[in-house]
Each structure stands twice: as structure tokens, then as C-alpha cells.
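The values are calculated or read from the model by the stated rules, or taken from the named source; none is laboratory data. None of these values were measured; they are calculated from a predicted model. Ideal geometry is used to build each Cβ from the backbone, glycine not excepted, and the neighbour counts take in all protein chains shown.
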Amino acid sequence: MRPVIGIIGNAFDLNDRYPVHAGGTMNSQAVAEVAGAMPLLIPTDPRFVSVPELMAVCDGFLLTGGQPNVHPSEYGEAETPAHGRFDRARDAITLPLVRACIEAGQPIFGICRGFQEVNVALGGTLHPEIRDLPGRMNHRMPQNVTLAEQFALRHKVRLLEGGVFHHLFGATEVMTNTLHGQGVCKPGARVIVEGRAEDETPEAVRIDGAPGFALAVQWHPEWNAAADPVSRALFSAFGAAAAAWARGRAPRG
């Protein structure tokens, strides 16, 4: 049996009228083909699931990207138009899930919004619009281009020498894509920034003292995960951690 990785779903209205939970096919493909795990899409809403139930069913969690942002009240700030759209139901599941997984040592891997969720869950804050800060690049997804162009490698990420990401990639500098508007402002407690873009925007973090796999990146490694060496290293390590968790846990049922 493969380990089970819960993929955090996003809520939206199909055709602007029919409410659904969905997840990008690239996330499931990366989990299945590179992490070697069974992807399980989670309807991230406390009306349907609870954190203890999810932790009992899954061996790890992929905190995916998504257009709605973490609500600023979760880090002590007032809502403004710059903060964009929200998904309060996802906030209600993912933020306590991050804290519980870190405490238990259950593997979590955050991508884009998931990167930001990890930071907020541990008391950090976010910038609502990175491109408005002095000296920062526009990290947002390019518009009116092909999918391949949207996910193309666009900037370097400089990694902490001797850190977890350095060892994973075998390099202190990698190229990544970039498709985000918000970004980390103040790192949360135990959130160690190990990677930064050329404009100093935080791009890769680990959780200090976490007993299990607890990493997050601001870019989207699910794109071309099997072929890209950086993406492959991340999902392979995540899958190995989930498999180790599955071997060590009590039988289900």
C-alpha cells in the first residue's frame, strides 16, 4: 500500500453558480508519480472534516496554492481590497492542521498559499502585495500566455549554505517559477527562512525543531515535477517522509 497524502482542496463556484471543491491535476500527478503516494483530495471545510480525522486517515499533507488568500485577521490585521479574496473555511482547517502536524511530526509540505499558511499558523504575517514594496519584483503569474509560459522558471532562489534545502538540491542557488502576489512579511515562531529570491522575498522555509518533514516553498514545484530536478527532490523527500510515517503508525481501522 502506498502512503496517503491529503491534498488540500480549494472551494470555488463552477460556472459562477455551482459550489465545488477541487485540486489541480498537477498536484495529484506529482504526489502519485514523484512522491510515490496515493493522492486524496480533501474538501477543506470544517462542516465536512476535522483535523483529528484527517490526521488519522492521511500520512502527510500537501498544502496547495490557491487564489483566495489567508484572511488577514488570522495574523492580526484588518481586511483591505489589496488582500483579495478569502476562503475562511480553508483557514479553519489548514491553520490548526499545520500546528497539529508539526507537533506530531506528521509530514507537511506547503506550496504558495500553503507556504503562507505555514507562516501564519505559527504567528507570522504577510504582505498583501509584494510588487508594491520598494525594490521588489512582480512575482505574480503572467497573464495572457500559455500554461508553460506561466509556470516557466523566472528567477533565482538563493539558499542557506548547509541548510535543509541546500542538502536536498545539492546547490545553494536554484531557478524557480513565481506565481504569487502575497508574501511573508514577519516569519512566525520557529519559521526559518532558508531561501530568498533576488529581491530578498522569502521563498523557502523550514520549521525549526520540527520532529518530521515540515517544509514550504513560495513557488510551484508541482509543475513538471518529474522532470525538474528541484521539484523532483522536494516531492521525493516528501514522499519518503510520508512512507516512513505510514510504516511507523498504528494500523488503520
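Values as computed for the structure displayed
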| item | result |
| --- | --- |
| Within the stretch 68-92, considering residues that are within 14 Å of the chain's Cα centre (by Cα) and part of a helix (DSSP H, G or I), the one surrounded by the most Cβ atoms within 10 Å (Cβ to Cβ) | Arg90 |
| Failed condition for Gln106, given (1) part of a loop (DSSP other than H, G, I, E, B); (2) at pLDDT below 95 | (2) |
| Hits in the stretch 56-67 - residues which are surrounded by 18 or more Cβ atoms within 10 Å (Cβ to Cβ) and more than 17 Å from Phe115 (Cα to Cα) | Cys58, Asp59 |
| Residue list for the stretch 150-176, filter: buried (at least 16 other Cβ atoms within 10 Å of the Cβ) and either among the polar types (S, T, N, Q) or in contact with a Lys or Arg (Cβ under 8 Å, 6 or more places away or on another chain) (or both) | Gln150, Val157, Arg158, Gly163, Val164, Phe165, Val174, Thr176 |
| Some residue of the stretch 114-136 being surrounded by 18 or more Cβ atoms within 10 Å (Cβ to Cβ), within 17 Å of Ser231 (Cβ to Cβ), within 16 Å of the chain's Cα centre (by Cα) and in contact (Cβ under 8 Å) with a residue 24 or more places away in the chain | yes |
| Strands (runs of 3 or more DSSP E) fully within the stretch 3-66 counting 1 or more residues that are of a type in the set (D, E, K, R) | 10-14 |
